[in-house]
Structures are given as structure tokens and as C-alpha cells.
Amino acid sequence: METKIFRLNEYINSGSLSEEDIEKLKQAGEILKKGGLVAFPTETVYGLGGNALLKDASKDIYAAKGRPSDNPLIVHISDMDELPQLVESVPEMAVKLAVKFWPGPLTMVMKKSDIVPYETTGGLDTVAIRMPEHKVANMLIKLSEVPVAAPSANISGRPSPTSAEHCIEDLSGRIEAIVDGGASAIGVESTIVDLSGEVPVLLRPGAITVEMLKECLQREVMLDPALEKPLDKNIRPKAPGMKYRHYAPKAPMIIIQSEYSSGDSETDNMSEADKKFEFDEGLKKITECAIRNIEEKCAEGLKLGIICSDETMDIYMHEINDQSGKLHSYRDKLEIMSAGQRANEITIAHNLFAVLREMDERAVDFIVAEGFSQKKLGYAIMNRMKKAAGQHVINV
Ligand code: TXA
Ligand code: MG
């Protein structure tokens, strides 16, 4: 099948939708309503949409992604009015969170109603629901006049797509259309919280942090055990998607992490000067260990990918470009990219998946990545990175 590309020129240029853009979204909405598949931008990552109420559309989504069908889909809505029909009842906690965080990067799991087919929920009695903030996503869902089931628009196992180009790479020829609305702002998938039981449980960290959820609900939010340690193969996790190797580049990857450089130590009552000293010490430990690992792998004849940060880029460049540098003799076998600024972790979330994909493009054999802060948005960033690395972390 030939995949139509609906490029929203005015939206990409100015952030507002022109008549022409809306015309394209009408066509895309029509495809969704009739049961076809359309990839579209959201503020987190691109989604692969299909009519959530049609069994066959959901089956087609699994087929296009090459995804196991026990991994449930997120149902996207554009207005609070669309929620009640999809769930058995709307929990009080969901109302509180929706008022505060919808539209936005938050997905809530609730008991499903009968109209949501088991094909959409991977056989579960619960359904995950999100109202995206992205103007294009919101308009497309409205125009389709149906709730839109949409997993991330990548082939199963690959890093999630944060641009239309990524969707084209993975899904061209497999779906009816791709809506190009430019790069996704946030870059990591939505936070998922399970509200189907007594206690709210965080299933996947995202831009809405646990602290924000607790603050809004004025109560504890449990962390799903699957977040903290690699899962036993025999346990079925609550968010079934969490058991698959995810967000992964083709090459094996290790993460070099230091609690100091990431601001994770108990620094609250330290002076600014001491904090800076700890931060610098941490970065020194990370880069020294990374360089040792890079040298070792290069000596085995491998092509190496290095994922660093704006703050550390110069350290590697010095080792690569200086005649006496430790990495100088391997300079032709190195691909180095910064994921963003440690001082501004939003940039890291925004770039992460694109950097992982680019490492695939550059055909590296092995990736050495710096670890980042585990706090706030950093928790979501490190969750994705650790999955990409198969939990292979070296602490220094
Ligand atoms: O930001 C996002 O959430 C993006 C955009 C497109 O909205 N979507 C996304 O979908 O990341 P996906 O399918 O890649 O991830 C959905 C996750 C999976 O880990 C799945 O297991 C979990 O949500 N999930 C879906 N329904 C669930 C349910 N009823 N109970 C528990 N987990 C559920
Ligand atoms: Mg996904």
C-alpha cells in the first residue's frame, strides 16, 4: 500500500493550522473513521492511530507494528465528554488528575466499558486513556469522530518516533497515511498511572512526575515493582508493554552513571560551591570510565557510539582530536552525539530517541552512554535509557 503523507506546512511554520492543514486532517480523520491507520504527532511521541472501537483496526495496528497482541493500546480522546462511554465509571482520582493535567502527557488506566473491544485492551478489563494537548492530535481525533487507539508509531522494539521521518522509516508502505506536524516537543511517552484499584500505581514515568501526581491527589502513589528491577520472565507486569525490550537501538549499549553528576545525592543542605564540586567530580568519574570502556571496545575493532552531554562533549573531543589523546588512534571508528544539556533535562528528553535512532543509522557496533539525573523528568529519561541498555549500568 502506498502511504500518503499529509504535511501540515502552516502548522510546522507557525504553530497554527491553516485551512489547507485542516483539509488534510479531515481526510486523515475520514481514514480513521473508516477503520484505516494513520500516524500522527502528539506532544510526547508520534502515535499510530486506528478507530479504538473497531476490533479489526486494533488488529491491524498490531500487525503494522509487529507488536504482540497482549500489549494493550492507549485510547486517545479530544474532550472530557468522550470519557464516560469508554469506562465502567470515572474514578474520583481520575477527575482530579484530568482537571489538572489534561490535555497533556498523562495516561490513566480505568475499568473499561463494554464498547471497548478486548482487541484494543490486549484482553484486559481495563483501558488506558489519554487526552493529548497537541493541536494536531486534538483536531484529528475530533474530526475522526471516534476514540483513537494509538501506540507509539514505531516498529515494535525500536525507539519511539519523535518526527514524521521516523514514522516513515518504520511504517511507510504498511499504513494508509502519516500526518507530518514537525518534531514532538517532549520526546518521551506519557506518564501512565493505574487508577483501576484502590491505590494509584505509576506504571510508566513521563513528563508528569510522581511528585506532581502525589501533589495533585494529596496521597501516596505506588511505583509498579516492574519499574525498579528487571522483571522475572514468568511474571506478567501490570503494563504488559514493560516486559519487552524497548526503545532499543540495534547495538548493545551500556550506561555509565554517577550519583554525584546527576544531582541524586543528598545535596539539599550543601553550599552551591560544594554542589558544583560534587557535580564536576561526578562528571570526571563518568567521562574517565566512559573513555576506558570506549578504548577497550575500540581495541576489539568495534565501531563505537558515544552518547554524552553538552557539558562533557569537549572532554571527549579533546581525547579524540589531540595527538596525545586516549581516543586519537580510534578517531575514525567513533560516532559522538550529545543528548542535550544536563542543566536543562527537557532537552535530553526531547533528543533521546532521535539520538538512539541516529546511532542505528551510523551503524555503530556498541554504544557507551552517560547516565543522567534520576529525579523528576530524569526518572523517565533514565527509565527509557536503561531499557535501551537492557539494564546494563556501570555505577562509578
Ligand atoms: O505518549 C504516549 O503515551 C504515546 C502517544 C502516542 O500517546 N503512546 C504510547 O503508546 O506510548 P504505547 O502503546 O507505545 O505504550 C502504551 C503502554 C504500554 O506499555 C502498555 O502496556 C500500557 O501502555 N497499557 C496500555 N493499556 C493498558 C492497560 N489497560 N493496563 C496497563 N497498561 C496499559
Ligand atoms: Mg511504544
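The values are calculated or read from the model by the stated rules, or taken from the named source; none is laboratory data. Being a predicted model, the structure only gives us computed values, none of them experimental. Note: ideal-geometry Cβ built from the backbone for every residue, glycine included; neighbour counts use all protein chains shown. The accessibility values were calculated without ligands, DNA or RNA, using every heavy atom of the protein model including side chains. Shrake-Rupley method; radii C 1.70, N 1.55, O 1.52, S 1.80 Å.
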Find the residue count for segment 244-270, including only residues that are at pLDDT 85 or above and farther than 30 Å from Pro72 by Cα. 3
Would you point out which residue out of Lys326, Lys276, Lys333, Lys303 is within 28 Å of the chain's Cα centre (by Cα) and open to solvent by 40 Å² or more (accessible area, probe 1.4 Å)? Lys303
Could you list, in sequence order, all residues of segment 93-111 that are closer than 17 Å to Gly197 by Cα, in contact with a helix residue (DSSP H, G or I) (Cβ under 7 Å, 6 or more places away or on another chain) and open to solvent by 20 Å² or more (accessible area, probe 1.4 Å)? Met93, Lys96
Report yes if some residue within segment 387-395 is open to solvent by 10 Å² or more (accessible area, probe 1.4 Å), touching a Gly at 6+ places or on another chain (Cβ under 6 Å) and either within 21 Å of Leu203 (Cβ to Cβ) or modelled with pLDDT of 95 or more (or both); otherwise report no. no
Within segment 279-298, count every residue that is open to solvent by 70 Å² or more (accessible area, probe 1.4 Å) and under 14 Å from Lys333 (Cβ atoms). 1
Among all residue pairs at least 6 apart or on different chains, which show Cβ distances below 7 Å where the first residue, located in segment 30-57, is farther than 19 Å from Leu86 by Cα and the second is among the charged types (D, E, K, R) and more than 8 Å from ligand 1 (Cβ to nearest atom)? Ile31/Glu176; Gly36/Glu176; Leu37/Asp60; Leu37/Glu176; Val38/Glu176; Glu43/Glu133; Leu48/Lys65
Conditions (1) more than 21 Å from Gly50 (Cβ to Cβ); (2) part of a helix (DSSP H, G or I); number of the one not met by Ala207: (2)
So is Ser338 of a type in the set (Ser, Thr, Tyr), more than 30 Å from Val45 (Cα to Cα) and out of contact with any Gly (no Cβ under 8 Å at 6 or more places or on another chain) or not? no
How many of the residues making up segment 132-187 are of a type outside the set (Gly, Ala, Ser) and on the phi > 0 side of the Ramachandran plot? 1
Condition first: within 14 Å of ligand 1 (Cβ to nearest atom), at pLDDT 95 or above and open to solvent by 60 Å² or more (accessible area, probe 1.4 Å). Can you find one or more residues in segment 184-205 that meet it? yes
Show me the helices (runs of 4 or more DSSP H) found entirely inside segment 289-396 where at least 2 residues are under 30 Å from Met212 (Cα atoms) and of a type outside the set (Gly, Ala, Ser). 345-361, 377-388
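Conditions (1) open to solvent by 10 Å² or more (accessible area, probe 1.4 Å); (2) modelled with pLDDT of 95 or more; (3) touching a helix residue (DSSP H, G or I) at 6+ places or on another chain (Cβ under 8 Å); (4) within 11 Å of ligand 1 (Cβ to nearest atom), marked per residue:
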site	(1), (2), (3), (4)
Pro117	yes, yes, yes, no
Lys135	yes, yes, yes, no
Val146	yes, yes, yes, no
Ala149	no, yes, yes, yes
Ser152	yes, yes, no, yes
Ile168	yes, yes, no, no
Val179	no, yes, yes, no
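A quick yes/no check of all residues on (1) within 27 Å of Leu83 (Cβ to Cβ); (2) small (Gly, Ala, Ser):
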| site | (1), (2) |
| --- | --- |
| Pro147 | yes, no |
| Ile155 | no, no |
| Ser160 | yes, yes |
| Ser196 | yes, yes |
